[in-house]
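Okay, so here's the structure we're looking at.
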Amino acid sequence: MIERRVGIVGYGVMGRAHAYAYRTAPLVRPHDTRFVPVVMSGRDAERVRDVASVFGAESECDWRALIERPDVDVVDICTPPGTHAEIAIAAAEAGKDVVCEKPLALNSHEAEAALTAVRGAGVRHAVGFNYRRLPALSLLAELVRDGALGEVRLFRGTWLSDEFVDPATPFDWRFDRSLGGTTIADLGSHLVDLATWIIGPISAVAATSSTFVTERPAPQGPRPVEIDDASSALVRFASGAQGTLEMARSAPRRPCDFVVEVNGSVGTAVFSYARLNELWVGSTEDDPHLYGLRRVRAEMPSHPETGGWWPVGQGVGYDASLVNQAADLAAAWPDDSYDPDFAQGAAVVRVCEAIEHAAEQGRWVSVEPEGVAHSSG
């Protein structure tokens, strides 16, 4: 048994989710390699100690001390987005593998620097686009790759939440562009990743953004909100397909609702996170007496990302996407690269940045290739 010892930077929701996934993965998909959380870091000594102890890990107050520890093989970054690139670069320079929550960085300059660092150090690297590991979404991608929908023509992705509906929600790092990034970077990064993973590269975008609550309460008085509450984008794919993306944190009674739809020349497939074990599929070749979309329960052993999970009919949840991600990392060691990696993470950042610039400038913006940081001119 090979143990890859993980240091998790951050002890909030995602830090706990990743620690849980590493502990659970060997129970669901046993493998000769295990990723084991050995230490977590955070600025609040008492709180990080309490969280780390639940997972049988030690605690640190300084992420730099975590990276320097000889008993850490992998650094897993679960902090606000504005800190990702700096931590990833430091981890790579220390010779540690790096797993980073999305988005990889706030802009293309930071993303390229992180990608250059991990490549230069020769370490493995991954970005946490965990929704790829949901069986129904993975099945959708498989249908597209196999040509079951024909030539892909349209992609539609929406992600709605009510996180920012209440104007009394106090100002914190989520409203600080330098720390949390935009709603485009936060929610949109998942949609962009799914779009490019399923359909292929995005070549150009047009967009609009709105901030409905322009200031938030803070201890020293109201502070201006620096990010968008909602944004929408038109996208052109390199393949010739077109699509729409919508992301908003201002939709009442929408807790975490995202939908992905693909329309091809002969078929349609629709996924809704509200019913995450289902995929709705229809084809022009179906019996016309059964016109419409049929529900597929993506829980059969023949479906992707179902290995090791519960018997058919019991379903899988959000946690399964993270456990599958941890299991895939273990399976990739030591012969294969992690997937998705920093190159894919940087590509998503470039698209999100292009959407931000398109909204600011009111025009179509081309998505820059790898190695070219966006110019606002």
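No value in this document is a laboratory result; all are computed from the given coordinates. Not measured: the values here are computed from a predicted model. Positions of Cβ are backbone-derived with ideal geometry, glycine not excepted, and every protein chain shown enters the neighbour counts.
Below 8 Å, C-alpha to C-alpha, sequence gap of six or more: please give me the relative contact order for region 41-112 in percent. Don't skip to the answer; put the middle values down first.
Details: 88 pairs, mean separation 18.1, N = 72.
Computed value for region 41-112: 25 percent relative contact order.
Which whole-number percent is the relative contact order of the chain (Cα, under 8 Å, 6+ apart)?
Numbers: 842 pairs, mean separation 77.0, N = 377.
The value is 20 percent.
State the Cα centre-to-centre distance between region 68-119 and region 244-258 in whole Å.
That distance is 29 Å.
For region 1-114, compute Rh as the Kirkwood radius over C-alpha pairs and then the Stokes-Einstein diffusion coefficient at 10 °C and 1.306 mPa s; write the answer in µm²/s, rounded to an integer. Before the final figure, lay out the partial values.
Numbers: Rh = 14.0 Å.
It comes out at roughly 113 µm²/s.
Among Ala52, Ala248, Tyr338, whose Cα sits farthest toward the positive end of the charge dipole of the chain (+1 at Cβ of Lys/Arg, -1 at Cβ of Asp/Glu, about the Cα centre)?
My answer, from the dipole projection, is Ala248.
Kindly point out which whole DSSP H helices in the chain project their C-alpha atoms 20 angstrom or further along the helix axis while averaging a Kyte-Doolittle hydropathy of -1.0 or above. Mind dumping the intermediate values first?
Numbers: long enough: 13-28 (22 Å, 0.24); 183-198 (22 Å, 0.91); 318-332 (22 Å, 0.43); 342-361 (28 Å, 0.38).
The qualifying helices are 13-28, 183-198, 318-332, 342-361.
Within region 1-36, report the trypsin sites (Lys or Arg not before Pro) that DSSP leaves as loop and that have at most 12 other Cβ atoms within 10 Å. List each step's numbers first, then the result.
Working: sites: Arg4, Arg5, Arg16, Arg23, Arg34; in loops: none.
Qualifying residues, ordered by number: none.
With a/c under 1.5 counting as rounded, go ahead and sort region 280-377 into rounded, prolate or oblate using the C-alpha gyration tensor (a ≥ b ≥ c being the square roots of the eigenvalues; past the cut-off, prolate if a/b is larger than b/c, else oblate).
On the way: a/c = 3.01, a/b = 1.38, b/c = 2.18.
Taking the square roots of the gyration eigenvalues as a ≥ b ≥ c, region 280-377 is oblate.
List the chymotrypsin sites (Phe, Trp or Tyr not before Pro) in region 244-293 that DSSP assigns to loop (not H, G, I, E or B) and whose Cβ has at most 10 other Cβ atoms within 10 Å. Which are they? All intermediate terms of the calculation are to be shown ahead of the outcome.
Working: sites: Phe258, Phe271, Tyr273, Trp280, Tyr291; in loops: Tyr291.
Qualifying residues, ordered by number: Tyr291.
Determine by what factor the alpha-carbon radius of gyration of region 135-316 differs from 2.2 N^0.38 Å, reporting the quotient. Walk me through the numbers on the way to the answer.
Values: Rg = 18.9 Å, N = 182, 2.2 N^0.38 = 15.9 Å.
Here the answer is 1.19, to two decimals.
Please list, by residue number, every one of the GluC sites (Glu not before Pro) in region 91-142 that is coil in DSSP and has at most 11 other beta-carbon atoms within 10 Å.
none
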